[in-house]
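Quick one: this structure, given as structure tokens, is what I'll be asking you about.
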Amino acid sequence: MLKIRTSRGMVTLNNQEALEFRERLRNDPAARSAEGTIAVSSNASTSITFSGVEKTAVLEVLRVWHDERGPAGMGAGPAELRKVFAEELARES
């Protein structure tokens, strides 16, 4: 299970969603720092908080995943995270 802190509170990814999410982050050069943030936070058994730059990279990874599989195919946790990060980044710009 992976818990990600957002402006709306925690978004939780189940183990299967978290595994695929982390793999997708590792495979995207722009998102590798986000994977590093997860690794450090996971070792400390805490929730993850992404920086603004990491959120942008994570959102792009989530958009590609969504385009490939749709909301049902990516799972509830990643779909919710995509929605929240899109809203957060839209407010910040």
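The values are calculated or read from the model by the stated rules, or taken from the named source; none is laboratory data. All values reported here derive from a predicted model rather than from experimental measurement. Using ideal geometry, Cβ is built from the backbone for each residue, glycine included, and neighbour counts are taken over all protein chains shown.
Hey, any hits in region 58-76 for a residue that's surrounded by 16 or more Cβ atoms within 10 Å (Cβ to Cβ) and not in a helix (DSSP H, G or I)?
yes
Is it the case, given these coordinates, that residue 36 is modelled with pLDDT under 95, farther than 15 Å from residue 2 by Cα and surrounded by fewer than 14 Cβ atoms within 10 Å (Cβ to Cβ)?
Criteria not met by residue 36.
Hey, another quick one. Only one residue in 48, 4 is surrounded by 14 or more Cβ atoms within 10 Å (Cβ to Cβ), touching a residue at least 60 places away in the same chain (Cβ under 8 Å) and touching a Ser or Thr at 6+ places or on another chain (Cβ under 9 Å), so which one is that?
Result: 4 is the single residue among 48, 4 that is surrounded by 14 or more Cβ atoms within 10 Å (Cβ to Cβ), touching a residue at least 60 places away in the same chain (Cβ under 8 Å) and touching a Ser or Thr at 6+ places or on another chain (Cβ under 9 Å).
To continue, here is another question. Which condition number in (1) within 26 Å of residue 93 (Cβ to Cβ); (2) under 9 Å from the mean Cα position of the chain (by Cα) is the one that residue 51 fails?
For residue 51, the exception is condition (2).
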